Structure formats: structure tokens, C-alpha cells
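Input: a single structure, listed below in C-alpha cells.
The values are calculated or read from the model by the stated rules, or taken from the named source; none is laboratory data. None of these values were measured; they are calculated from a predicted model. Ideal geometry is used to build each Cβ from the backbone, glycine not excepted, and the neighbour counts take in all protein chains shown.
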Amino acid sequence: MLSITDLSIAINGQNLFLPININVETNSITVLMGNSGIGKTSILNAISGNLKYNGNIACEKHFTIFQDNNQLFPWYSIRKNLDLVCNQTYILTVRDWNLEHLLDYKPDEISGGERQRFTLIRGMYSGAKILLCDEPLSGLDSLTRYFVLKDFKNKITELNLSCLWITHDLREAKFISNNIKLLTKTKLLSIKRNISEQSFIKKLGN
Amino acid sequence: MSNLLLKNWVINIISIALLIIFWQLLYMIADETLVFPSILSIVTVFFKIIQTSLFWQTYYQTVITLIEAWLITIFSVSLSVSICLLSPFIRKIFEKYCYFFMPLPSFATIPIFSLFFGLSKTTMLLVMVLSVYWFLSYQTLIAIDAVKIKWNKHIKNLNWNFTKIFIHVYIPASAPILFGLNNVSWTYIWRTLITLEIAYGAIGGYFGLGSYLIDVKNKLDIDIMYVILISIALTGVIINNGFDKLSKKFNW
């Protein structure tokens, strides 16, 4: 479980947002949305221990999937990358996501989208209890993304994980999440999963 | 056609041909066979010289000294960098020494070392190591910093111990930079070695390619002098090529 209380992050002495609270329950996916630069990635960095913050963060063993898409070690094959980190069998998911033929390639030899999927698999089977994902599928086409999201959602329950997922795509958020949170400068809003795009944009602008 | 001209082997052939033409022009203009022997006579002497045991003895002496100096350098730099990584305080002190000693020409230390070891191979080795030690240590520390900055946030994910991080991340991640540094540093050592051999000639039984070069020059065997010069240049090219190929394998 991930529990964040009174979290605030200051960059150059300026608070990015007013103190917020977030709870992510086991077997659930919480999606965090908000305008660019509002501090979503900073929250992930704070949880991962890469950024100073004020407040309390209680987090079980976690694995962060950063946006930069370069988490796999380029000197090892994908298989070795997975073997080094995963402590559970990942091969079924690799097969399901149609990636098995790429296992012996080096990360530089595959596409960005394929790298993203392998990074996600590595996180899922790393033995971590919480996944922190910063737009982890931004490089995928809609169809593949839909398929991966669907399977990922099932795997979260199957593997007993929790996930804090950042995205800018409302449809993706609605599809994958149990809870949607919208971060603004003044507060963290809970958004209903059936919210229309117009209402969402209005809230985003407030 | 323009694509063909840019091919590596074409460039190699053209550059060698241009050198030969330039040399032959000098040979004809100077009309002084003692200073500028013809290409043909240099090539003839080259094949004669490489059949003599003296040439291979001096060659062996030089290459072995180069390898010794290179190994001592790698060992001492690795040791210093490892110690620096143990404590930020030691690192600060070491960086201060790098700052002091990097601009100091290693040749300036010859008088000091010769006080202790005379003009011997030990003095040569120390001067060669010092020609690159401070630069290489400093740059290696900077390279490791760059690797840490790039990979630390990913490493935090993995909950690995230091040994596992060192083996699977720090060493491979810094390999391209370290190989690049090695390519620069071995040339410094090589240049210092040849310069020392030329400057000091035969030192206490030591007789390398540079010593041979100055010896034949003194005997006015100018053809042989050029042959040795070519051998020195070729050796540099071969070693550089080897290191280049090796570093390409670690280029990620």
C-alpha cells in the first residue's frame, strides 16, 4: 500500500502545489492527471527517493517506471535485463504481449514502444509491491496500448500489486483506473470515471 | 563516385599515395640522397632491416616497456580512483593534487627520479606513468560521476547491493568512456616513451626503438632512420586500431 500525507514539494523555494494526500490500495490502480509542470513526475520522484519533500510517505517495496524510456541496461540483452531484475516468471506475459522474439535483442535494437513494454514487464515481475508509472506507454499505438492496458489491469490483481499511474490521456485513465485524481495548484480532486471530456477540461483549467 | 571516395580503404590508399608523391617531390627538389633517400631505397632498407635481430630486439624492448608502463598506469589509476570513491574527503584532496600536478610536464620530474634511480628504466617508467596519471585519474572520476547521475535513480529501483551494482551497472556503463580515455592515454605514454628513448639514447643497457633511431642518425644511416620512424608510426597505428575496434564493441 502507498499512503501519502500532507505532501508538498518545493522547487527553488516555490511550492508546486498545496499539501496533498493520496492513498493507493492493494490490487488497485490510481491514475494521477494534471497539467504539464504541475508536479506529477515530482511526486513520483519524491516517492522514489530522488527528490526532497515535506510530509509523510509510507510506501512498500516499489518500482518506478520513468518517462525517459531508457531504464533497460543497453549492454545486456532484454532477456538478461529481465533475468537480473525479475524474481518471478515473466515469460507468459512476454508471450501474451507478442514480444518473445525480441528477448535476445539489445534494448537499442528494438523500438521505443517495445522497450516501454519490457520495462513495464520488468517492473511487474520485480517483486515490488507498488508500481509507480510515469506515462509508461506513451510510445504505443492505440490498439497495442489498449491490449497492454487490458492485460496490465488483470496482472495488477493477479500479482497483488498497487499502481500509481500518470497519464495525460483521459480515455486511458478511465480504462485502467480504479480512482482518478486530478492535481491542480490548490488541491487534489477525485474525478468520476464517467466524467465527460468537456467537464474534465473545465476542471483542468480551474 | 563521391561515395567511393569516402570509403575508408580508398581514403587510406589516397593518403598513402599522396605521402609517397610528396616524399618523391622532396627527394627530387632537394637532390640530397643523404637527407632525402628515395622511396624505393627506404622500402628496400625496410625489408632488409626487419630481417635483422637488432631491429626486433629494440622493437621488443620498446613494446614491452610500453606495456609495462600502461599496466602500471591502469593499476595505479584504478587504485587511486577506488580509494577516492571510498570517501568524499579523500577525493577532494586527490582532486587538489590533480589540479596541482596536471599542468606539470612529466619530463620536469626526470631530475628528481634520476636522483633516486639514476637514468634507468625505472625512471623512464615513472615519467611515462606520470605523463598521464593525473589526467586519467581525474577524467575517470568524472566519468564515474556521469554514470552515477545517469543510472542512480534506476538503480534505486533494484535494491541491489554495491557489488552487484558495481558489476552490472557501474563497470559496463563507464566502459565506453574508459575505453575512450584509454585511447588517449596510451598515446601519451607511447609519445613519452619514444621521446625519452630519443633524448637519452641507450640508458644502462636499455636500447629501444628511439635509442636505435638516434644511434643510426649519429652513424648517418639515414635510410634506416626513416625505416625506424615508419615502424614507430606503424606501431602507433596498429595499437590505435586495436583499441578503436575494442572500444566500438563497448559503445552503447
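Those residues that are more than 14 Å from chain B (Cβ to nearest Cβ) and buried (at least 19 other Cβ atoms within 10 Å of the Cβ), I need them from the stretch A:34-50; list them, please.
Applying the first criterion (more than 14 Å from chain B (Cβ to nearest Cβ)) to the stretch A:34-50 yields A:34-40, A:43.
Within the stretch A:34-50, A:Gly34, A:Gly39, A:Lys40, A:Ile43 qualify.
How about the stretch B:54-102: which of its residues are outside any helix (DSSP H, G or I) and touching a strand residue (DSSP E or B) at 6+ places or on another chain (Cβ under 8 Å)?
none
Looking at A:Ser162, A:Ser138, A:Ser142, A:Ser111, can you tell me which residue is in contact with a strand residue (DSSP E or B) (Cβ under 7 Å, 6 or more places away or on another chain) and not charged (D, E, K, R)?
A:Ser162
Here's the yes/no breakdown for (1) under 24 Å from B:Gln51 (Cβ atoms); (2) not β-branched (Val, Ile, Thr):
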residue	(1), (2)
B:Leu136	no, yes
B:Asp145	no, yes
B:Trp151	no, yes
B:Ile155	no, no
B:Leu158	no, yes
B:Ala175	no, yes
B:Gly210	yes, yes
B:Asp221	yes, yes
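Filtering the stretch A:170-182 down to residues that are of a type in the set (D, E, K, R) and out of contact with any Lys or Arg (no Cβ under 9 Å at 6 or more places or on another chain), which residue is farthest from A:Lys153 (Cα to Cα)?
Ranking the candidates gives A:Lys181 first.
Checking the condition closer than 24 Å to B:Ser137 by Cα and not in a helix (DSSP H, G or I), which residue from B:Asn182, B:Asn251 passes? Please lay out each step first, then the result.
Values: B:Asn182 fails: not in a helix (DSSP H, G or I).
Exactly one of B:Asn182, B:Asn251 is closer than 24 Å to B:Ser137 by Cα and not in a helix (DSSP H, G or I), namely B:Asn251.
Would you point out which residue out of B:Leu246, B:Leu234 is surrounded by fewer than 17 Cβ atoms within 10 Å (Cβ to Cβ), out of contact with any Leu (no Cβ under 9 Å at 6 or more places or on another chain), free of Cβ contacts under 8 Å to residues at least 24 places away in the same chain and part of a helix (DSSP H, G or I)?
On the way: B:Leu246 fails: free of Cβ contacts under 8 Å to residues at least 24 places away in the same chain.
Answer to the selection: B:Leu234.
Given the residues A:Leu140, A:Leu84, which is the only one that is within 25 Å of B:Lys153 (Cβ to Cβ) and within 15 Å of the chain's Cα centre (by Cα)?
Details: A:Leu84 fails: within 15 Å of the chain's Cα centre (by Cα).
After ruling out the rest, the residue left standing is A:Leu140.
Go through the stretch B:216-227 and count every residue that is part of a helix (DSSP H, G or I) and in contact (Cβ under 8 Å) with a residue 40 or more places away in the chain.
In the first step, residues of the stretch B:216-227 are kept if they are part of a helix (DSSP H, G or I); the result is B:216-218, B:222-227.
Subsequent filtering for residues that are in contact (Cβ under 8 Å) with a residue 40 or more places away in the chain retains B:222-224, B:226-227.
Going through the stretch B:216-227 one residue at a time, the tally reaches 5.
Looking at (1) within 23 Å of A:Gly127 (Cβ to Cβ); (2) of a type in the set (Ser, Thr, Tyr); (3) assigned to a loop (DSSP other than H, G, I, E, B), which is the only condition A:Ser36 fails?
Single failed check for A:Ser36: (1).
Can you give me the number of residues within the stretch A:128-148 that are surrounded by fewer than 19 Cβ atoms within 10 Å (Cβ to Cβ) and touching a Lys or Arg at 6+ places or on another chain (Cβ under 7 Å)? I'd like the intermediate steps shown before the answer.
So in the stretch A:128-148, the residues surrounded by fewer than 19 Cβ atoms within 10 Å (Cβ to Cβ) come out as A:129, A:138-139, A:141-144, A:146-147.
Keeping just the survivors that are touching a Lys or Arg at 6+ places or on another chain (Cβ under 7 Å) gives A:129.
The total comes to 1.
Restricting attention to the stretch A:77-112, which residues are more than 11 Å from every other protein chain (Cβ to nearest Cβ) and in contact with a Gly (Cβ under 6 Å, 6 or more places away or on another chain)?
Residue satisfying the conditions is A:Gly112 alone.
Is at least one residue of the stretch B:162-169 at pLDDT 90 or above, touching a His at 6+ places or on another chain (Cβ under 9 Å), surrounded by 20 or more Cβ atoms within 10 Å (Cβ to Cβ) and in the same structural domain as B:Leu86 (by TED's automatic domain parsing)?
Among the residues of the stretch B:162-169, at least one is at pLDDT 90 or above, touching a His at 6+ places or on another chain (Cβ under 9 Å), surrounded by 20 or more Cβ atoms within 10 Å (Cβ to Cβ) and in the same structural domain as B:Leu86 (by TED's automatic domain parsing), which makes the answer yes.
Using the structure shown, decide if A:Thr93 is in contact (Cβ under 8 Å) with a residue 24 or more places away in the chain, touching a Phe, Trp or Tyr at 6+ places or on another chain (Cβ under 8 Å) and either part of a loop (DSSP other than H, G, I, E, B) or under 27 Å from A:Ala173 (Cβ atoms) (or both).
yes
For the stretch A:51-76, which residues satisfy the criterion of being part of a strand (DSSP E or B), more than 7 Å from chain B (Cβ to nearest Cβ) and within 22 Å of A:Leu159 (Cβ to Cβ)?
A:Ala58, A:Cys59, A:His62, A:Ile65
Please enumerate the residues belonging to the stretch A:1-33 that are buried (at least 17 other Cβ atoms within 10 Å of the Cβ) and assigned to a strand (DSSP E or B).
Scanning the stretch A:1-33 gives A:Leu2, A:Ile4, A:Leu7, A:Ile20, A:Ile22, A:Val24, A:Ile29, A:Thr30, A:Val31, A:Leu32, A:Met33.
Inspect the stretch A:149-163 for any residue being more than 14 Å from chain B (Cβ to nearest Cβ), crowded, with 22+ Cβ neighbours inside 10 Å and in a strand (DSSP E or B) and give the result as yes or no.
yes
Mind checking whether some residue in the stretch A:129-148 is within 14 Å of another protein chain (Cβ to nearest Cβ) and basic (Lys, Arg)? Lay out the reasoning, then the answer.
Quick first cut of the stretch A:129-148, residues within 14 Å of another protein chain (Cβ to nearest Cβ) only: A:129-134, A:136.
Checking which are basic (Lys, Arg) leaves us with A:129.
Yes: the stretch A:129-148 contains one or more residues that are within 14 Å of another protein chain (Cβ to nearest Cβ) and basic (Lys, Arg).
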